[in-house]
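Here the structure is laid out as structure tokens; the discussion comes afterwards.
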Amino acid sequence: MKFALSGATFTLWFGGIWLVVGVPFLVLGLYFGFHEHSVSARMKNEGAVATGMVLSKWIATNRSHGSGSNNTTTRSYWTSFRFQTGRGETVKGEAQVDERTWDSLIERRPIRVTYLPDAPQQYRIEGEQSSWIVAFIFSGLGALLAIVGGIVFARGVTHWRVN
């Protein structure tokens with residue numbers, strides 16, 4: 001039997017490609033989700049609190065161009081800050097926050113930072129946007145592609161073996 005792209009093997013190729021693309025997205029999504037969950041749990045159990053200083057704050061505007069008059073503009077609110085760990089190390093960071101938190105921040109004023117003592121580059125501030133959305137997008141897209149690809153590929157294998 002030949003295994004070239006033809007009507008008989010199209011479902012094998014189509015499903016296989018979707019499956020090969022979907023599985024890495026699913027794995028990445030699960031990794032991001034697991035990482036976010038473990039960091040959040042460690043912050044809750046082991047996190048140290050420091051008083052930092054707001055260095056600056058800014059708004060990033062993203063425009064998406066749709067057809068006709070369907071242009072949309074989204075804003076994301078950011079702040080940069082620095083804090084000192086219990087060991088005296090100075091850490092600079094930035095975070096995306098919600099609008100309410102951004103409005104309450106004042107440059108050169110204090111900000112509360114929770115960080116991991118053994119990994120101070122892992123920090124959170126109150127009102128910081130969660131990165132769960134990345135995990136959900138990658139996992140959902142990966143699962144959809146992998147499931148559809150797997151079903152189509154399995155049907156193609158069944159059809160190919162019968163012929």
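The values are calculated or read from the model by the stated rules, or taken from the named source; none is laboratory data. Note that the structure is predicted; figures quoted are calculated from it, not measured. Positions of Cβ are generated from backbone atoms using ideal geometry, with glycine treated the same way; all protein chains shown enter the neighbour counts. To get the accessible areas, we keep the full protein, side chains included, count just its heavy atoms, and leave off ligands, DNA and RNA. Shrake-Rupley method; radii C 1.70, N 1.55, O 1.52, S 1.80 Å.
Under Stokes-Einstein, with the Kirkwood radius over Cα pairs standing in for Rh, what whole-number D in µm²/s applies to region 10-127 at 25 °C and 0.890 mPa s? List each step's numbers first, then the result.
Working: Rh = 17.3 Å.
The Stokes-Einstein estimate is 142 µm²/s.
If the chain between S76 and V21 were fully stretched, how many nm would it gain, using 0.36 nm times the residue separation less the Cα-Cα distance?
This chain segment gains 16.8 nm when fully extended.
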Using Cα-Cα distances under 8 Å and only pairs 6 or more residues apart, what relative contact order does region 85-151 have, in percent? 31
Excluding Q96 itself, what net charge comes from residues whose Cβ is under 12 Å from its Cβ, given Lys and Arg +1 and Asp and Glu -1? -1
From largest accessible area down, sort W102, W58; use a 1.4 Å probe on the protein chains. W58, W102
Only residues of region 89-110 count here: report those whose backbone N is under 19 Å from the spot 7 Å along Cα→Cβ of E46, or say none. 89, 91
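On average, how much accessible surface per residue is there in the chain, in Å², for a 1.4 Å probe, leaving out ligands, DNA and RNA?
67
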So, relative contact order of the chain in percent, Cα under 8 Å, 6 or more apart, is 39
FRET efficiency (E99, W160; Cβ distance; R0 41 Å; to 0.05) is 0.15
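Taking all protein chains in place and a 1.4 Å probe, what share, in percent, of the accessible surface of the chain do carbon and sulfur account for?
60
Stretched out fully, how many nm does the piece from N62 to H37 gain, at 0.36 nm a residue minus the Cα gap?
Full extension of this stretch gives 6.2 nm more.
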